[in-house]
Amino acid sequence: MQDIYDFYNLIGKNIKRIRREHHESQEVFAEKLDMSRGFISQIESSVKTGISLDTLYAISQKYHIDIRDLFQGYEQFMKEKDEKN
């Protein structure tokens, strides 16, 4: 079960990276996405799990990125997971 939390952590880090690349605070980022700053904070810190595809899609559309960018590092994540097992 820990693997899924590690996966959410990966997504949260990528969202944080994208936000910072756009030089935006959590508050500005959240406003643009019509979400709360607290929600963005929870995603970035992996407190919020179960992030929806709708949220990921909204981020990719608003910031004109390929949705796969939100999963950057996934291959390495899976490789490390396989090595543990």
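The values are calculated or read from the model by the stated rules, or taken from the named source; none is laboratory data. The structure displayed is predicted, hence computed values, not measured ones. FYI the Cβ positions are ideal-geometry reconstructions off the backbone, even for glycines, and counts take in every protein chain you see. These area figures cover heavy atoms from the full protein model, side chains too; ligands, DNA and RNA do not enter into them. Shrake-Rupley method; radii C 1.70, N 1.55, O 1.52, S 1.80 Å.
The set of residues in segment 35-75 that are hydrophobic (A, V, I, L, M, F, W, C) and either in contact (Cβ under 8 Å) with a residue 40 or more places away in the chain or closer than 16 Å to residue 20 by Cβ (or both) comprises 40, 43, 51, 56, 59, 65, 70, 71. Among the residues of segment 54-64, some residue qualifies, meaning at least one is touching a helix residue (DSSP H, G or I) at 6+ places or on another chain (Cβ under 8 Å), of a type in the set (D, E, K, R) and either modelled with pLDDT of 85 or more or open to solvent by less than 60 Å² (accessible area, probe 1.4 Å) (or both).
Scanning segment 18-32 for residues that are under 16 Å from residue 56 (Cα atoms) and touching a residue at least 40 places away in the same chain (Cβ under 8 Å) returns a single hit, 18.
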